[in-house]
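All remarks here apply to the structure that follows.
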C-alpha cells in the first residue's frame, strides 16, 4: 500500500512540475525530459539510419531538400530570436537528407532538427512550395519538442500501469490480467494516439506559419494535403490512427490560414 501511494504521489508531482509551453500555439505540454537530453540519442539513431539507407545521388533534388529545409529552419530560428529563445537555438543541429526510397511517401524529424525526406514524397510535393509544407511540418515537430512530450507520455503511462499493478496485487491473477489489459488499450487509444494526432495537427499549424515566414505561400498547403489524401489505400478509423484524417487536416488548415497569411503578406 505504501509503494502504491508513493507511486501515485510521484505521478502527481511529475504532473505539477513538468509543464512547458509550445511556441506559437501556446499549448501547455507535459515534458519530463528536456529536448537537450534527447539530442545525443536522437543524433546517434539518425546517423545509424543514414548509414544504413541509400541516400539520393540526384544533385538537384538533394539541393532542393537542403535549400528548402534551411529556409524553414532559419524561419524557426528567427521566431525564437524574436521571442527571447536565443539559448534554445543552440540545441538544434539542423541536417537535411534525401533517402532514395520511391515507395515511401514520408519524411521525419528527430529531436534537435535531424530531418530526412524520402524520394517517394517528391511526386506529391511537386515543387519547392509543396516541399516547404513538408519541411515546415517536420521542423515544427522539433520546435514544439513533440519528441520529448511523447517520451514523457509513455513514461507516465508506464508509471500508471505500475501503480495499478501494485494496487491490484491482492486480486486474483485472472482479474489482474483482465484489468491490466483494459488499461493498456485505454492508455493507447485514450491518451497516446490522441496526443499523436494532436501533435500532427499542431505541427500543421506551426508549419504553415514557418513556411509563410520563409516566403512560401501557405495556401498551397491545401492542395498538397489533398494530394496526400489520395495516396495509399484504406486508412484505419481516425481514433485508431496516429495521424488525423486528411479531411480533418484540411479543415483545420483552412481555419488557420488567416493567421499564416499575416506572415506571408508581411513579406
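Out of the residues in segment 81-92 that are at pLDDT 85 or above and assigned to a helix (DSSP H, G or I), state the one that is surrounded by the most Cβ atoms within 10 Å (Cβ to Cβ).
Step by step, filter segment 81-92, then rank; the result is 81.
Would you confirm, using the coordinates I've provided, whether residue 39 is crowded, with 19+ Cβ neighbours inside 10 Å and either at pLDDT below 80 or not in a helix (DSSP H, G or I) (or both)?
Here the answer is yes, as residue 39 does meet what is asked.
Taking the criterion of being at pLDDT 80 or above and at negative phi, would at least one residue in segment 143-166 satisfy it?
Checked segment 143-166: at least one residue is at pLDDT 80 or above and at negative phi.
Considering 139, 68, 105, 117, which residue is at pLDDT 95 or above and surrounded by 15 or more Cβ atoms within 10 Å (Cβ to Cβ)?
68 is the lone residue from the list that is at pLDDT 95 or above and surrounded by 15 or more Cβ atoms within 10 Å (Cβ to Cβ).
The values are calculated or read from the model by the stated rules, or taken from the named source; none is laboratory data. In this text the structure is predicted, and so the values were computed from the model without any measurement. A quick note on method: Cβ atoms are made from the backbone with ideal geometry, for glycine too, and the neighbour counts reach across all protein chains shown.
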